[in-house]
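What follows is a short report on a single structure.
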Amino acid sequence: MAEEEEESELSDKQKIEIAKWFLLNSPPGEIQYVAKDVKSILNNDDLYNEAASDAFPVYNKSHLISLQMPDRSGDVVVTSFGEVDGNAFLDPRTAQVAIVDHVKQVCKEVRPATDEELPSSFVEEFRCSLDAEILKYVEEAYPKGVCSVYCINGKDVEGPGSDFELAAVISAARHSPQNFCNGSWCSIWNILFKYDQQTVEVKGKLQVDAHYFEEGNVQLDTKHECKDATFLQAPEDCAHAISSIIRHQESEYFASLEASYLKLSDSTFKDLRRKLPVTRTLFPWHNTLQFSLTRDLSKELGIGK
Amino acid sequence: MEAAMGLMRRVPPKHTETALSALLSLMPHHSSDLLSQVDQPLQVLCDVECGKEFILCEYNRDADSYRSPWSNTYHPPLEDGSVPSLKLRKLEIEANDIFAIYRDQYYEGGMSSVYMFEDDNEGFVACFLIKKDGSKTGQGRRGYLEEGAWDAIHVIEVGPEEEENTNYRLTSTVMLTLTTNNESSGTFSLSGSLRRQMSMRLSVADGHLCNMGRMIEEMESKLRNSLDQVYFGKTREMVCTLRPPSEVVQMRMPES
């Protein structure tokens, strides 16, 4: 049988790759459960640890997980925008660098950020105003949302004349394993300040995932990209305009998700299977004898297919 | 094995095949358990004798060959491949014909195969398979779906006849993925798998096909309904928990 031929032992490297694949494909908030199962299947702590130390940082960053900082100064978002090195992440709002343990998914300690890690005071004014506006919006729109704004290009620009780029991330997660349901909303906004054109370009990437697994396994995953632009103005006016764009785009997107759900049972699902046959009545199983008689008859008479 | 089943509960259903082959290579000594407990999307082969495709599963497999319900021969050819008795084969042919009509009425296309074989306790086992590609490049009549796959596996264990009654035990699995894609809302994808069981004791007066058909029809409607109402509904609820609809936000914060 086919499976017997595959019994040749896998190399350690292949086992690690498989373990990583399972970890990286964990639904939102479920990597620890997946890790437990992967560990017991591998039955080899060294291999597991190697896979985990590779996979967790990637998973944490792509899911924009947020971790509470030990000094109660808020949450740090784990994202490549704030990555100082592998396990150190900048929290621009508090100007701190959080040291995280990726596999345990906790923040162990914080230290003040150095001057080199922070943007110039000119850029910081734009960043800080935008952070305040987005924070206001996120608190209003997402019951469990966190957000952060980073300078990702041109952080040393000292005054008008050069381009720089900010990135805003919004992440909301809800884990209720006791209800067999987990989900996450992640949005990433790239905001490019262009001095020559006197414009600000806003590009968004939104991703929503949900998993329901009571006696089954059903997952939603959605992705959407959008863009918009506004004029370059004073930091506070820019912040206001940009956050309105984000608010507008995200509520439009939410509305389109609702619309997709509404269309689902009426039309989309029908292309897979109808609720009732074309005849709108249950299938006439009791008449099946007729079907076969008709078939035999048509065969004898040499008609039909 | 428990850990493996735990993983399968969490792996995105659209990656079931990759996950299963990964588990098979990690745990070769559990391969028969894995293959019998994890359902995977159905594959098809073409019956060279009549140029018609048929669906593959564990129930029409012998060694590395699969028996076609159309010509009753194995592909690739296999000497001494097991085949049902003449009587059961007659029922199998009839079941394939009738089930094809049933399938067409509900699925508007797709394909189906039915396999039967004798079991050890004087009864038999029947396996009804349906595969539908509902994408707009496949057989999606309305053209809404970028990707759309529905695979249904119904296995019925039919007990021996006792005083004109027979026990039927049905185990059904449905696996599906559906993806829509458009400019304004990006990609929206739902995928899932469900497995349910149902047992009934029925009079044989109506005939096996009629009894099995009704059970499958009822089960398929139930599964479709739970996916639509319960499972998809729960993911929608989750989205609304993450970001409550604006009316709710306004209700919570009355205008000052």
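The values are calculated or read from the model by the stated rules, or taken from the named source; none is laboratory data. Here the structure is a predicted model, which is why all the values come from computation and not from measurement. Here the Cβ positions follow ideal geometry from the backbone for every residue, glycine too, while neighbour counts run over all protein chains shown.
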> What's the number of the condition B:Gly148 fails, among (1) surrounded by fewer than 21 Cβ atoms within 10 Å (Cβ to Cβ); (2) without any contact (Cβ under 8 Å) to a residue 40 or more places away in the chain?
Replying inline: (1)
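Determine if the range B:239-254 includes at least one residue that is in contact (Cβ under 8 Å) with a residue 40 or more places away in the chain, outside any strand (DSSP E or B) and more than 7 Å from chain A (Cβ to nearest Cβ). Walk me through it before giving the result.
Residues of the range B:239-254 that are in contact (Cβ under 8 Å) with a residue 40 or more places away in the chain, as a first pass: none.
No: zero hits.
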>> I'd like the residue in the range B:108-134 that is facing chain A (nearest Cβ under 8 Å) and modelled with pLDDT under 95 and, out of all such residues, is surrounded by the most Cβ atoms within 10 Å (Cβ to Cβ).
In response: B:Gly134
> Given the range A:50-99, what strands (runs of 3 or more DSSP E) lie entirely inside it while holding 1 or more residues that are at pLDDT 95 or above and more than 20 Å from A:Glu117 (Cα to Cα)?
Replying inline: A:66-68
> Which members of the range B:186-212 meet the condition of being at the interface with another protein chain (Cβ under 9 Å from one of its Cβ atoms), closer than 28 Å to B:Arg9 by Cα and of a type outside the set (Lys, Arg)?
Replying inline: B:Gly186, B:Thr187, B:Phe188, B:Ser189, B:Leu190, B:Ser191, B:Gly192, B:Ser193, B:Leu194
>> Any residue that is surrounded by fewer than 21 Cβ atoms within 10 Å (Cβ to Cβ), of a type in the set (Asp, Glu), assigned to a helix (DSSP H, G or I) and modelled with pLDDT under 95 - is there at least one of those in the range B:196-218?
In response: yes
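Could you check the range B:33-129 for strands (runs of 3 or more DSSP E) lying wholly inside it with 2 or more residues that are farther than 29 Å from B:Leu7 by Cα and of a type in the set (A, V, I, L, M)? First the steps, then the outcome.
Numbers: elements: B:43-47, B:52-56, B:65-67, B:111-118.
Hits in the range B:33-129: B:111-118.
From A:Asn60, A:Asn49, A:Asn25, which residue is touching a Pro at 6+ places or on another chain (Cβ under 7 Å) and at negative phi? Walk me through how you get there before you give the answer.
Numbers: A:Asn60 fails: touching a Pro at 6+ places or on another chain (Cβ under 7 Å); A:Asn49 fails: touching a Pro at 6+ places or on another chain (Cβ under 7 Å).
None of the others qualify; the one that does is A:Asn25.
Mind checking which residues of the range B:151-166 are touching a residue at least 40 places away in the same chain (Cβ under 8 Å) and either at the interface with chain A (Cβ under 9 Å from one of its Cβ atoms) or over 16 Å from B:Ser112 (Cβ atoms) (or both)?
Restricting attention to the range B:151-166, the residues satisfying the condition of being touching a residue at least 40 places away in the same chain (Cβ under 8 Å) are B:151-156, B:158, B:161, B:164, B:166.
The answer is B:Ala152, B:Val158, B:Glu161, B:Glu164, B:Thr166.
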> Given the conditions (1) touching a Lys or Arg at 6+ places or on another chain (Cβ under 7 Å); (2) over 30 Å from B:Tyr107 (Cβ atoms), which single one is not true for A:Pro235?
Replying inline: (1)
> Of all the residues that make up the range B:143-175, how many are part of a strand (DSSP E or B), of a type in the set (Ser, Thr, Tyr) and more than 21 Å from the chain's Cα centre (by Cα)?
Replying inline: 1
> When you scan the range B:229-238, how many residues do you find that are farther than 14 Å from A:Asn179 by Cα and more than 7 Å from chain A (Cβ to nearest Cβ)?
Replying inline: 1
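Per-residue answers, yes or no, for (1) more than 22 Å from B:Leu145 (Cα to Cα); (2) crowded, with 22+ Cβ neighbours inside 10 Å; (3) of a type in the set (Asp, Glu):
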{"residue": "A:Ala172", "(1), (2), (3)": "yes, yes, no"}
{"residue": "A:Leu192", "(1), (2), (3)": "yes, no, no"}
{"residue": "A:His211", "(1), (2), (3)": "no, yes, no"}
{"residue": "A:Lys223", "(1), (2), (3)": "no, no, no"}
{"residue": "A:Glu250", "(1), (2), (3)": "yes, yes, yes"}
